[in-house]
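Below you'll find the structure, written out as structure tokens, and then a few comments.
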Amino acid sequence: MSVILKRQENVKHPVAEIFEGLSAYLKFLSELGCAGMDSSEKIIETIRDWGVEKPEESRGASGIYNNFIKCRNCSLSKDCKQIVSGAGNQKARIAFVGGVATSEDVQAGKPYSGKAGELLDKIIAAMNLTRDQIYITRAVKCCLPDNQKPKIADVNICRSYLEKELRLVKPDVICAFGEIAAMSLLETSVPLSKLRGRFHDHRGMRVMPTYSPEYLIENLDAKRVVWEDLKQILKLFESDSG
């Protein structure tokens, strides 16, 4: 069982935390269209529809998550300029969870951008899918400098946001790209080489750990192995639909 380490320094006064949360909440309502706290028909309708997104909208594109999540709980937050939230279909049957957000993700404002994103697009196309049909996110939402690995405590803290995303999307299958994603979802330190190739359970959702697009860029021979893992997901979908 994983242990979440809490930071004891820089403890905020409870009143400060309340005002910070209230500020984030009001900013969230403003982005949804609320012009003020009145009882006009428009405002009441907006609040009534709070949390109900239109089908064509994605969480990543809306920008709501980046403004609403104001996490200051781990060591990464002090240098984090932008939290990279998930993007894609809110009712996707499959979710791709990568490891740590990259500088390309931060610049583009969405997960899996740059070369790794281009390779992921090819993988998705090979599965006869598009980004509009899937959900993509990261296990660690902040970008680390110089490709550093996050501390286990930081991964544990960031897991709470990942859990919220997955509870909302409720995918049938999660493809965990890389050791960080697998460790976060399965709460284990078992090497990825021993986890991949078979399904695992995560709160009723099936998880297929495999090597990440970032890894494949440096290790081309692993592409065949990843494709074998992904074919198990496709077979699962075929058996469910049949």
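Quick note: the coordinates plus some simple rules give every number you see, no bench work behind them. Remember, predicted model here, so these are calculated numbers, not experimental data. Virtual Cβ from ideal backbone geometry, glycine too; neighbours counted across all protein chains shown.
Data for the structure
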{"read-out": "Pair LEU234, ARG198: separation of 7 Å Cα→Cβ label points (nm)", "value": "2.3 nm"}
{"read-out": "Sequence-distant residues sharing a close amide H with TYR112 (under 5 Å, placed H)", "value": "THR102"}
{"read-out": "Cut-off under 5 Å, modelled amide H: who pairs with ALA139 long-range", "value": "GLY98, GLY99"}
{"read-out": "Loop-resident sites, segment 153-221, for trypsin sites (Lys or Arg not before Pro), counting at most 12 other Cβ within 10 Å (DSSP)", "value": "ARG198, ARG203"}
{"read-out": "Phi-based couplings in Hz for segment 94-103 (Karplus 6.51, -1.76, 1.60; Gly and Pro marked x)", "value": "10, 10, 9, 10, x, x, 9, 4, 9, 5"}
